[in-house]
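J.: Please see the structure below; I have some questions.
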Amino acid sequence: MNRIREIRKQLGLTQRKLASLAGCTPGAIGHYELGRRAMSITVCQKIVLIFNQLGASVSLDDVFPQHIT
């Protein structure tokens with residue numbers, strides 16, 4: 001699972017605002033947060049960049065942790 005929702009809320013962003021900044025729809029953000037839709041690496045990088053521009057200090061691994069089984 002990813003941490004998009006957690007970090008988005010820490011930054012005070014709505015799904016609508018994050019979607020606007022990322023160039024996608026609020027519905028897509030909702031699906032990404034719930035893991036219902038796969039994201040391209042480009043979208044992942046864009047979301048991390050937006051979070052960092054807004055004051056979070058996060059990396060791809062912070063937002064999209066790898067699960068080792």
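J.: From the list 25, 14, which one is polar (S, T, N, Q), at pLDDT 95 or above and exposed (fewer than 13 other Cβ atoms within 10 Å of the Cβ)?
T.: 14
J.: Can you tell me which residues in the stretch 21-37 are charged (D, E, K, R) and touching a Ser or Thr at 6+ places or on another chain (Cβ under 9 Å)?
T.: Passing the criteria: none in range.
J.: For the stretch 1-28, which residues satisfy the criterion of being small (Gly, Ala, Ser) and in a loop (DSSP other than H, G, I, E, B)?
T.: Answer for the stretch 1-28, where residues must be small (Gly, Ala, Ser) and in a loop (DSSP other than H, G, I, E, B): 12, 23.
J.: Testing residue 58 on (1) surrounded by fewer than 11 Cβ atoms within 10 Å (Cβ to Cβ); (2) β-branched (Val, Ile, Thr); (3) not in a helix (DSSP H, G or I), one condition comes back false. Which one is that?
T.: (1)
J.: For residue 30, state whether it is modelled with pLDDT under 95 and closer than 14 Å to residue 5 by Cβ.
T.: no
J.: Could you please find all residues in the stretch 32-53 being within 21 Å of residue 66 (Cα to Cα) and surrounded by fewer than 15 Cβ atoms within 10 Å (Cβ to Cβ)?
T.: Matches in the stretch 32-53: 34, 35, 36, 37, 38, 40, 41, 42, 45, 49, 52.
The values are calculated or read from the model by the stated rules, or taken from the named source; none is laboratory data. Given the structure is predicted, the values throughout are model-derived calculations rather than measurements. Reconstructed Cβ throughout: ideal geometry from the backbone, glycine too, with neighbour counts over all protein chains shown.
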